[in-house]
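Here's the structure, in structure tokens; my notes come after.
The values are calculated or read from the model by the stated rules, or taken from the named source; none is laboratory data. The structure displayed is predicted, hence computed values, not measured ones. All Cβ positions, glycine included, derive from the backbone under ideal geometry; neighbour counts span all protein chains shown. Side chains included, ligands, DNA and RNA excluded: accessible areas come from the protein's heavy atoms. Shrake-Rupley method; radii C 1.70, N 1.55, O 1.52, S 1.80 Å.
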Amino acid sequence: MIVVLADASIAMRGVAAALAGFPDLGPVAVRTDSGGLAPGDAAPAVVIANPQSYAVTRDLLEHHRVLAFCAGPDRPEPAALLAAGFRGYLTADSSVRELADAVRAVAAGHRHPLGPPSADRGVLTGREAEVLRSVSSGLTHKEVARRLGLSKLTVDTYVQRVRHKLGVGNKAELARAAIRYGLMD
């Protein structure tokens, strides 16, 4: 089960409605508070909350996999959310597919890619994270392209974007970044 902690904003209710279109994620429940999420209860696979408008407690972060969904203009830094205990970070300009991919990743116990705190660098998209994971596991760009059904040039472009966003250069630094952001063990 996915639980969306919704305030009065339409954004969080839209998140719940979008996730309902992915039956593989299981049922989606909308709650206005986390009162029914006690540690002894059957835990939802993922809790989605907007830390800008919902008071996410330490207890919630310690006992549940919480994905931050930030919809307002004054978004917290991804690194601060990760340090606080969130398992991932998305913004309102994320695609529905990225939302579903983030929920799947967090439900599987991984962190959804979180970018570094630099304002000029963004959070990795789902596809960028997938390419980073593949390249970091030792695949060549050509092998990644074949596996993902992309051209080698497209994979080269994704790798270039990831390097810029994460501020890394060579493949060893890419692999360290993949481990740091929970994409590899």
### Residue list for segment 122-156, restricted to those being among the hydroxyl-bearing types (Ser, Thr, Tyr) and either surrounded by 16 or more Cβ atoms within 10 Å (Cβ to Cβ) or not in a loop (DSSP other than H, G, I, E, B) (or both)
125, 134, 136, 154
### Query
Restricting attention to segment 135-185, which residues are aliphatic (A, V, I, L, M), in contact with a Leu (Cβ under 8 Å, 6 or more places away or on another chain) and modelled with pLDDT of 80 or more?
135, 144, 155, 159, 162, 174
### Query
When both residues are 6+ apart or on different chains and their Cβ atoms are under 6 Å apart, which pairs have a first residue that lies in segment 68-90 and is closer than 15 Å to residue 110 by Cα, and a second that is among the charged types (D, E, K, R) and in a loop (DSSP other than H, G, I, E, B)?
87/65; 87/111; 88/111
### Query
Do we have any residue at all in segment 7-19 that's of a type in the set (A, V, I, L, M) and either modelled with pLDDT under 75 or more than 21 Å from residue 97 (Cβ to Cβ) (or both)?
yes
### Message
Of everything in segment 10-34, what is assigned to a loop (DSSP other than H, G, I, E, B) and touching a residue at least 12 places away in the same chain (Cβ under 8 Å)? Give them in sequence order.
### Response
21, 22, 26, 27, 32, 33, 34
### Summary
For segment 157-185, the count of residues that are in contact with a Pro (Cβ under 7 Å, 6 or more places away or on another chain), open to solvent by less than 40 Å² (accessible area, probe 1.4 Å) and not aliphatic (A, V, I, L, M) equals 1
